[in-house]
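The values are calculated or read from the model by the stated rules, or taken from the named source; none is laboratory data. Predicted, not measured: the structure shown is a model, and the values here were computed from it. Positions of Cβ are backbone-derived with ideal geometry, glycine not excepted, and every protein chain shown enters the neighbour counts.
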Amino acid sequence: MTAGTIRFVLNGEVIETIVTDPTRTVLQFLREDLRLTGTKEGCAEGDCGACTVVVVEVDSSGDGVEARTINSCIQFLPTLDGKELITVEGLRGEDGALHPVQQALVDEHGSQCGFCTPGFVMSLYELYRNNPKPTRREIDDALSGNLCRCTGYRPIVAAAQKMAGEGDNWDAAAHSKTLREIARDENLGIDCGDSDFYAPKDIVTFAKLYGKYPDATILAGGTDIGLWVTKQHRDLGTIIYSGKVAEMLDVEVTGTHLEIGAAVTLTNAIPALLEQYPGLTEMFQRYASPPIRNAGTLGGNIANGSPIGDSMPALMVVGASLVLQRGFSERELSLDKFYHDYQVNDLQPGEFLARIRVPLAEDGVIVSSQKWSKRFDQDISAVCTAYRLRLDGDKVANFRMACGGLAATVQRAERCEAAVTGATWNEATIEAACKALAEDFTPITDMRASADFRLVAVQNLLRRFWLETQGEVETTVYNYGR
Ligand SMILES: Cc1cc2nc3c(=O)[nH]c(=O)nc-3n(C[C@H](O)[C@H](O)[C@H](O)COP(=O)(O)OP(=O)(O)OC[C@H]3O[C@@H](n4cnc5c(N)ncnc54)[C@H](O)[C@@H]3O)c2cc1C
Ligand code: FES
Ligand code: FES
């Protein structure tokens, strides 16, 4: 291959292309360079789903493949190297017949102006590939990253229910074979003047590169970084991509911990976390949408350090720590010591997040997390809370609570914790804890919620947690009002 060239499969054909700008998005490449205009641009920030495409990769077992949606508007082109891309143009059969997903949408009248339709087709295609008999809840979840402003969702859901019966000619082994054939033996490095792109395959090379270029941008899933380019037009300088680093893509269970590589996608990290902590189900179901979770990583969420990042309150209360690496040295830091101020963390120049260490669940400990946002699906939290409770009879042996959206960083609610620990687990204690929350935080007003609202919401969420422990509230709510 010529220097600066990436190779991937596009709708069944292996193609090579020279990269001159590493932040060119997959969507720009499809629409502007290849004139494949079926994939649409709506928001250019991962919210509307008009740009949804499917990426196929060898799965973590190394034997099979997994097909996952992503938002092509915020995915940078060189991250496709060695992968397979399927767009709406690639779904028709060889005889020109519509794919069962497309046919079901036609039959159920699931399209009007059609602008959103290719995106819905690709989200339904992912569902069809991975879950041929979805429940209504699974359909809703699969479509939570797609917006339609004219058809309404009922016929689209009907199409999702109908498509399941029909087979297509998918041959997983053939896809896997092609992906193996195009796999790159060497590390990818593209020299684009001031904005070089590196995709090392092992952590030693990654650490060396970041040591050499400590001002480089580490790119994981790009679901935050993509917007720095499409919305803020920021220059990223040198980019080092973590998505190919084998050691950062592993989820391991040791005797005491889950070790989650910093480049593991949310889609792959969440099942391991929920196996330990099922009380986090609702929060993670409402975390963004499938295409964002398929690209975005747990490591990116933590490193980005947004005060309204959803994973951190839960990780803080369960006592997660971060393994930070610089060169060949590693250190471990508790997550609740990682953030110093708004977007300021403890990482030193050349140091990066290698993996997240999450203690395994303990018997008799209740863990839960709650998210409040204006929409149920695909919305950023106004506040997000998490709790870890150990009772000894009716007394609280240990209580931890962490909150997002109330301060410049996600933080433990220390006064509230002190008010609860050692007390009787009853309504009076919860009311005292709610008062203490007002001393723990001085929230701000912004477009998501006012300061007063935030405080009241978090106090009510704590009351709800207490009711959950009394069996008076379902911990996982799927009531969409439908
Ligand atoms: C439409 C939309 C919806 C979203 N919804 C939610 C939501 O509901 N809840 C939520 O919490 N977030 C949400 N997000 C934000 C985002 O998806 C998450 O923060 C995600 O986890 C970021 O991961 P990433 O891999 O995409 O990070 P990237 O964008 O690749 O990187 C984010 C930051 O982390 C740094 N970084 C990445 N890896 C490392 C590493 N190994 N070491 C050091 N630094 C590193 C990057 O340099 C960058 O500063 C949403 C985003 C979008 C676009
Ligand atoms: S264009 Fe809206 S999600 Fe990509
Ligand atoms: S059919 Fe018009 S936006 Fe969905």
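If you filter the range 140-164 down to residues that are surrounded by fewer than 22 Cβ atoms within 10 Å (Cβ to Cβ) and hydrophobic (A, V, I, L, M, F, W, C), you find that the one that is farthest from His99 (Cα to Cα) is Cys150. Answer yes if at least one residue in the range 161-173 is at negative phi and within 16 Å of ligand 3 (Cβ to nearest atom), and no otherwise. No, the conditions are met nowhere in the range 161-173. Can you confirm whether the range 244-261 contains a residue that is out of contact with any Phe, Trp or Tyr (no Cβ under 8 Å at 6 or more places or on another chain), buried (at least 24 other Cβ atoms within 10 Å of the Cβ) and of a type outside the set (Phe, Trp, Tyr)? Yes, there is a match, as at least one residue in the range 244-261 is out of contact with any Phe, Trp or Tyr (no Cβ under 8 Å at 6 or more places or on another chain), buried (at least 24 other Cβ atoms within 10 Å of the Cβ) and of a type outside the set (Phe, Trp, Tyr).
Scanning the range 447-473 for residues that are of a type in the set (Asp, Glu) and part of a helix (DSSP H, G or I) yields Asp452, Glu468. Restricting Ala354, Ala361, Ala382, Ala402 to those that are within 16 Å of ligand 1 (Cβ to nearest atom), closer than 30 Å to Asp140 by Cα, surrounded by 14 or more Cβ atoms within 10 Å (Cβ to Cβ) and at pLDDT 95 or above reduces the list to Ala402. The listed residues are Glu417, Glu431, and the only one of them that is closer than 23 Å to Ala320 by Cβ and modelled with pLDDT of 95 or more turns out to be Glu417. With the condition kept exactly as written, say whether any residue in the range 211-222 is in a helix (DSSP H, G or I) and without any contact (Cβ under 8 Å) to a residue 60 or more places away in the chain. Yes - at least one qualifying residue is present in the range 211-222.
Which of the following residues is in contact (Cβ under 8 Å) with a residue 12 or more places away in the chain, within 16 Å of ligand 3 (Cβ to nearest atom) and of a type in the set (Lys, Arg): Arg184, Arg180, Arg149? Before you say what the answer is, go through the steps one by one.
Numbers: Arg184 fails: within 16 Å of ligand 3 (Cβ to nearest atom); Arg180 fails: within 16 Å of ligand 3 (Cβ to nearest atom).
Residue meeting the stated conditions: Arg149.
Residues are listed down the side, and each one gets a yes or a no for (1) without any contact (Cβ under 8 Å) to a residue 60 or more places away in the chain; (2) under 20 Å from Gly145 (Cα atoms); (3) not in a loop (DSSP other than H, G, I, E, B):
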site: Ile6; (1), (2), (3): no, no, yes
site: Thr20; (1), (2), (3): no, no, no
site: Thr23; (1), (2), (3): no, no, no
site: Phe29; (1), (2), (3): yes, no, yes
site: Glu32; (1), (2), (3): yes, no, yes
site: Glu45; (1), (2), (3): no, yes, no
site: Val56; (1), (2), (3): no, yes, yes
site: Arg68; (1), (2), (3): no, yes, yes
site: Cys73; (1), (2), (3): no, yes, yes
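When the residues of the range 107-135 are filtered to those that are within 14 Å of ligand 2 (Cβ to nearest atom) and among the small types (Gly, Ala, Ser), the one that is surrounded by the most Cβ atoms within 10 Å (Cβ to Cβ) is Gly119. In this structure, Gly279 does satisfy being farther than 15 Å from Arg357 by Cβ and in contact (Cβ under 8 Å) with a residue 60 or more places away in the chain. Looking only at the range 261-307, residues that are under 23 Å from Leu143 (Cα atoms), part of a loop (DSSP other than H, G, I, E, B) and of a type in the set (A, V, I, L, M, F, W, C) come to 2 in all. Restricting Gly319, Gly305, Gly300 to those that are within 23 Å of Ser368 (Cα to Cα), modelled with pLDDT under 95 and not charged (D, E, K, R) reduces the list to Gly305.
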